[in-house]
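Down below is the structure, laid out as structure tokens.
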Amino acid sequence: MARIAIISDIHANYHALCAVIEDVRIMRCSEIVCLGDVVGYNAFPVECLDYIRQLGCPIVRGNHDEEVVAPTSTEMNGIARHAMDWTRSQLSGDRRDWLARLQYQRIVRTSSGHSISIVHSSLDHPKNWNYIVNTNDAASNFPRQFCPLCFHGHTHVPKVFIYDGQRTIEDFDRQQEIFTKGCTEIRPLQGMKYFINVGSVGQPRDGDSRACYGIYDTDLNLITIKRVSYDVQAAQQAIYAAGLHPYLAERLGRGT
């Protein structure tokens, strides 16, 4: 049996990361892949980065990971930039060097012999950090997607885009199910390509404060996206204690 946990956008939220990893163990996942943005926004960049490094799992670079080592982006607002400056001050040279070595996209071959693509934003222009929010955005990804499955993050909102060979479709039913039930399942059909956002571990933005991640069961040909509860208040208190902007704590409680 091969179950691969797909985690993304941890954003230095150690409480959420620990809760998700515990759920990964309960779900008997044998492998983990990470879609980037290990750091940024929250109060535990060192702890989260060291934990992911220790896992030795396949990982790609996120825009916040890149900002640590190459602070050139003009897209971040003042609150995010202040948090990034603080984050950079917390990380040693060795940790920054590790982030600098991360690739922008990868094809991962699982222990069961299945290949999946992973990227933080999109495969067509992974260094541009484009936000994939609708079918028009997702359509440009598919010509560069050579595996049936590609997992991505960046928007912090779980979504499923499907290319049937002629057009790109967004599966709104799966998205609604994640929001209403906290879990949804996707069974990929042969001959189609799937571009799947597994949501955010550390800073969900779809109105649900619980952490979110994905599981790919290669034996059952089944992808599950699910919510995990964690100690939001403890994560908020850590943000206040670190002197980061209160808005970053408040939004965790709203899931926005």
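Just so it is clear, none of the values below were taken in a lab; they were calculated from the coordinates. Quantities reported herein were computed from a predicted structural model and do not represent experimental measurements. Reconstructed Cβ throughout: ideal geometry from the backbone, glycine too, with neighbour counts over all protein chains shown.
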> GluC sites (Glu not before Pro), restricted to the stretch 1-109: which are DSSP loop and have at most 12 other Cβ atoms within 10 Å?
Replying inline: Glu75
>> Pairwise over distinct Cα atoms, reciprocal of the mean inverse distance: report the Kirkwood radius of the stretch 3-254 in Å, one decimal place.
In response: 18.0
> Please identify the trypsin sites (Lys or Arg not before Pro) of the stretch 133-204 that satisfy two criteria: DSSP loop assignment and at most 14 other Cβ atoms within 10 Å. Which are they?
Replying inline: Arg167
> For Cys212, Cys34, what's the fewest-to-most ordering of other Cβ within 10 Å of each Cβ?
Replying inline: Cys34, Cys212
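Quantify how much of the Cα-Cα distance distribution of the stretch 93-170 extends past 16 Å, in percent. Before the final figure, lay out each step's value.
On the way: 1619 of 3003 pairs.
Pairs farther apart than 16 Å: 54 percent.
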> What's the angle, to the nearest 10 degrees (0 to 90), between helix 172-181's Cα axis and the longest principal axis of the chain?
Replying inline: 50
> Pick from Leu17, Leu149, Leu123: which residue has the top mean-square fluctuation in a GNM of the chain where Cα pairs under 10 Å get a spring?
Replying inline: Leu149
> Between the DSSP loop rule and a limit of at most 14 other Cβ atoms within 10 Å, which chymotrypsin sites (Phe, Trp or Tyr not before Pro) in the stretch 104-209 are left?
Replying inline: Tyr131, Phe146
> Assuming R0 = 41 Å, what is the FRET efficiency of Asp164 and Arg28, from their Cβ-Cβ distance, to the nearest 0.05?
Replying inline: 0.80
> Taking the Cα-to-Cβ direction at Gln190 and at Asp50 and moving 7 Å from each Cα, how far apart do the two end points lie in nm?
Replying inline: 4.9
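Grab the Cα-Cα distance for Gln103 and Ser229, subtract it from 0.36 nm times how many residues apart they are, and report the gain in nm with one decimal.
Extra length from Gln103 to Ser229 when fully extended: 42.3 nm.
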> Full extension from Arg88 to Ser111: what is 0.36 nm times the residue separation minus their Cα-Cα distance, to one decimal in nm?
Replying inline: 4.8 nm
> Which ³J(HN,Hα) values in Hz, rounded to whole numbers, follow from the phi angles of the stretch 12-29 under the Karplus curve 6.51 cos²θ - 1.76 cosθ + 1.60, where θ = phi - 60° and Gly and Pro get x?
Replying inline: 6, 9, 5, 4, 5, 4, 5, 5, 5, 4, 4, 5, 4, 5, 4, 7, 6, 6
> Under a plain spin-label model, where a point goes 7 Å from the Cα along Cα-to-Cβ, how far apart in nm are Asn134 and Asp171?
Replying inline: 2.2
>> To test your reading of the geometry: what angle, between 0 and 90 degrees and rounded to tens, separates the Cα axis of helix 45-55 from the longest principal axis of the chain?
In response: 40
